[in-house]
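The values are calculated or read from the model by the stated rules, or taken from the named source; none is laboratory data. Since we're looking at a predicted model, the values are computed, not measured. As a convention, Cβ positions derive from the backbone with ideal geometry for all residues, glycine included, and neighbour counts pool all protein chains shown.
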Amino acid sequence: MENNSISEPDQVPQKIWHRNLIALWFGLFLTSMGFSGMMPFISLYIDTLGNYSTSQLNLYSGLAFSASFIVSAVVSPLWGSLADRYGRRVMLLRASLGMCICVFLMGLATDVWHLIALRFIQGIFSGYFPNSNALLAIQVPKNKSGKALGTLATGGVCGTLFGPFAGGILASIFSYRLTFFITAFFMFLVFLITLFFVKEAFTPITKEKSLDTKQVIHHLQNPKLIFGMFFTTLIIQASNYSISPILSLYVREIMHNAPSVTILSGIVAAIPGVATLVAAPRFGDLGDRIGTEKIMIFGFILAIFLYIPMAFVTNIWQLLLLRFLLGVSNACMLPAVQAIIAKNTPAIVTGRIFSWNQSFQSFGNFAGPMIGSVVSSVFDYSGVFISTAILVLLNLMIVVSQTRSIKKT
């Protein structure tokens, strides 16, 4: 079969993929920081665009928040197909520049529907994360992919952690509109970093020679495993995001409306990322040596044993400790999924496979808050943690079944 890029890891010099890892880390950091940095004040920004009732404001805020996830889930396979035809670097440039323009225009919005429409369009231009993974996965030797992809994942974690803090500070010092313009500048920096520092040798292939969906699946040695990892990604994201709608309310309940609820809610929300940041590269390296699937299964078991006691905590410090340990379990799960996909996917379809995985991740991002909201309205806040533990247990059973065929690489 025709080779469409320097796609075999042993053909890529170590200094090139090392430099790409560094550049893509900063690209993911700035992208995640910009994306998460808008979240704390989007509802407040919407409130300045018109005179809305509380129910209208909640509806519009929900639409603005979820719009990009839904669109991203739909269009990701298309971008993955184009990535396999034209290269991952081109898709990275497309995503970063598209996000830059969309975020800049958000700062010029004069109506809530302008903002929601731009959030939809932002979802269309998504794809920096999966294409970063795909580009690095085809360049890094398979026996080092766990550590490399785990390290890359910390860029997104760092940005997601720092983003809400930076966005809140910028919005309080400047106006909401100016904060969008500053965020757009960060997105343009991502474009420049990708343009000048990310390297990929790629020979475009014609549309006639590109692979259709059946051919992509045919190239997979273990399609059942790969599709199992897609579902696993969805459950991981849904589990993480199911807590989001009720976390601050749960903190307020535990603290009995103490004055420091807002600050401590932010700490509770952010602290798993701190643990993930430290642990992900180390678990990635360990997975390369003992088996990535073992690390992932450990992460699921740990998560189950953490979500259950979260439902019964009596003070904020117990919740903080359990959330910190949850960050360790997160470091064992999603980066491990990325590594398993990379190790079991031929380079010629890597872009397509990672884009499909991105679609499942986006669906999980959308489904998680919906699950949490429904469960908390039927039961109480504790019920969300119990239902999440059940969801993770279901995923663990699927993962154990799907990974039996994996041999240590």
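Some observations on this one:
- First in region 169-182 and free of Cβ contacts under 8 Å to residues at least 40 places away in the same chain, second anywhere and assigned to a helix (DSSP H, G or I) and of a type outside the set (Asp, Glu), Cβ under 8 Å, 6 or more apart: 174/182; 182/170
- Close pairs from region 10-31: first farther than 19 Å from residue 281 by Cα, partner of a type in the set (Lys, Arg) and not in a helix (DSSP H, G or I), Cβ under 6 Å, at least 6 apart: 16/199
- Restricting 130, 141 to those that are touching a Gly at 6+ places or on another chain (Cβ under 8 Å) and either surrounded by 19 or more Cβ atoms within 10 Å (Cβ to Cβ) or not polar (S, T, N, Q) (or both) reduces the list to 130.
- If you go through region 284-330 and keep only what is hydroxyl-bearing (Ser, Thr, Tyr) and surrounded by 17 or more Cβ atoms within 10 Å (Cβ to Cβ), you end up with 292, 307, 329.
- Of all residues in region 251-271 being free of Cβ contacts under 8 Å to residues at least 24 places away in the same chain and over 19 Å from residue 169 (Cβ atoms), the one that is surrounded by the most Cβ atoms within 10 Å (Cβ to Cβ): 261
- Once region 215-246 is narrowed to residues that are under 19 Å from the mean Cα position of the chain (by Cα) and among the aliphatic types (A, V, I, L, M), the residue that is farthest from residue 395 (Cα to Cα) is 243.
- Listed by first and then second residue, the pairs with beta-carbon distance under 7 Å, at least 6 apart or on different chains, first residue in region 104-133 and assigned to a helix (DSSP H, G or I), second of a type in the set (D, E, K, R), are 131/88.
- Test: residue in region 302-317 that is more than 30 Å from residue 253 (Cβ to Cβ) and either under 18 Å from the mean Cα position of the chain (by Cα) or not in a helix (DSSP H, G or I) (or both): no
- Test result for residue 333, under 21 Å from the mean Cα position of the chain (by Cα), in a helix (DSSP H, G or I) and in contact (Cβ under 8 Å) with a residue 24 or more places away in the chain: yes
- Single residue of 185, 162 found to be outside the structural domain of residue 348 (by TED's automatic domain parsing) and either under 18 Å from the mean Cα position of the chain (by Cα) or of a type in the set (Lys, Arg) (or both): 162
- The set of residues from region 135-153 being part of a loop (DSSP other than H, G, I, E, B) and not aliphatic (A, V, I, L, M) comprises 139, 141.
- Flag if residue 390 is touching a residue at least 60 places away in the same chain (Cβ under 8 Å), surrounded by fewer than 18 Cβ atoms within 10 Å (Cβ to Cβ), under 30 Å from residue 64 (Cα atoms) and of a type outside the set (Asp, Glu): no
- Search result, residues across region 83-127 that are polar (S, T, N, Q) and surrounded by fewer than 19 Cβ atoms within 10 Å (Cβ to Cβ): 110
- All conditions in (1) outside any loop (DSSP other than H, G, I, E, B); (2) at pLDDT below 75; (3) over 25 Å from residue 169 (Cβ atoms) hold for residue 41, with the sole exception of (3).
- Flag if residue 169 is surrounded by fewer than 16 Cβ atoms within 10 Å (Cβ to Cβ) and under 24 Å from the mean Cα position of the chain (by Cα): yes
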